[in-house]
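What follows is one structure encoded as structure tokens, with my remarks underneath.
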Amino acid sequence: MFVLTINQRDSKESGDRVEELLETLGEIPALVPFQRSIGDEAIGVVQSAHIAVEVALEAIRERRWHIGIGVGPVEMAEGASINTAEGFGLVYARRAVNRAQRSTERIPLAVEGPSSEVAAEAEAVLRLIAQIVFTRTDAEWSVLDLMVPGVRGQQKAIAAALGISTQAVSKAISRSFWNEEWACRPAAARLLDLVAGPSAWALDTLAYNPRD
């Protein structure tokens, strides 16, 4: 399992934005839906490393969250609050988000799990991808939000929808490194799975279907 603990960076300046985050993550497939834990913090549990990568990058896009990813089991009663859950996944996620809060890095994201060496590798790759996401402009996002991974021939329709040229769409995609991001996501997910062991990666690969 993958526990994501997401803590707000700028609540003093912009107020509590946890409810906005929960709305953004509301469509994400989760074993334990994302919910407020304490203060300006949210926690959720997902089964797929691919989904964990997606959640982390969604949060990075907003530029206001510390993100901790913990790899490990979680035990909780059906219908119970995440605050009553137990398990090493939660412990690792807490360690990760605490480290992200202390970090002076531009991308406040950390990964913890049974294999500290592989966790560090997963963290490094995720931070590199997140750097791409973090630096995108609103104009680039207006194009990228209409893109669907793996579908060809989208640029003309997106240009028509936005009232811009296909060349402008192409340039936005190129400048934003959108193709490179999606090419690297599976590598980040594989490393996250390997934090828990190689068999977990094999199972996740068989089960994963990219979301539209």
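The values are calculated or read from the model by the stated rules, or taken from the named source; none is laboratory data. Just so it is clear, the model here is predicted, and its values are computed rather than measured. No Cβ is skipped: glycine too gets one built from the backbone with ideal geometry, and neighbour counts run over all protein chains shown. Ligands, DNA and RNA are excluded from the accessible area calculation, which covers all protein heavy atoms including side chains. Shrake-Rupley method; radii C 1.70, N 1.55, O 1.52, S 1.80 Å.
At-a-glance table
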item: Loop-located GluC sites (Glu not before Pro) in segment 1-70 whose Cβ has at most 16 other Cβ within 10 Å (DSSP); result: 27
item: Helical contribution to [θ] at 222 nm, DSSP H n ≥ 4, -39,500 (n - 2.57), averaged over the chain, rounded to 500; result: -16500 deg cm²/dmol
item: Residue-wise HN-Hα coupling along segment 28-42, computed from phi with Karplus coefficients 6.51, -1.76, 1.60 (Hz; x: Gly, Pro); result: 6, x, 9, 5, 10, x, 4, 8, 5, 9, 9, x, 9, 9, 10
item: Under-5 Å amide H pairs with residue 37, H placed in peptide plane, nonlocal only; result: 42, 43
item: Ranking by accessible area, most exposed first, for 45, 125 with a 1.4 Å probe; result: 125, 45
item: Percent accessible area from carbon and sulfur atoms, the chain, protein chains only, probe 1.4 Å; result: 52
item: Computed E for residue 10/residue 139 - FRET, C-beta separation, R0 35 angstrom, nearest 0.05; result: 0.95
item: Accessible area (Å², per residue) of the chain, counting only protein heavy atoms and a probe of 1.4 Å; result: 52
item: Karplus-derived 3J(HN,Hα), 6.51/-1.76/1.60, for each residue of segment 85-95, Hz, glycine and proline x; result: 6, 9, x, 5, x, 5, 4, 5, 5, 5, 4
item: Only Lys, Arg (+1) and Asp, Glu (-1) charged, at Cβ; the chain dipole about Cα centre in debye; result: 660
item: Label point distance in nm, residue 151-residue 35, each placed 7 Å from Cα along Cα→Cβ; result: 3.4
item: Amide hydrogen neighbours beyond the local backbone of residue 65, cut-off 5 Å, H modeled; result: 9
item: Derived scalar couplings ³J(HN,Hα) [segment 55-68; Karplus, 6.51 cos²θ - 1.76 cosθ + 1.60; whole Hz; x for Gly, Pro]; result: 4, 4, 6, 4, 5, 4, 4, 6, 6, 9, 10, 8, 10, x
item: Helix 178-196 vs. the chain, principal-axis angle (Cα, 0 to 90°, nearest 10); result: 10
item: Binned Cα-Cα distance frequencies in the chain - 5 Å width, integer %; result: 1, 7, 15, 19, 19, 16, 11, 7, 3, 1, 0
item: In segment 69-113, GluC sites (Glu not before Pro) in a DSSP loop with at most 13 other beta-carbon atoms within 10 Å; result: 78, 105
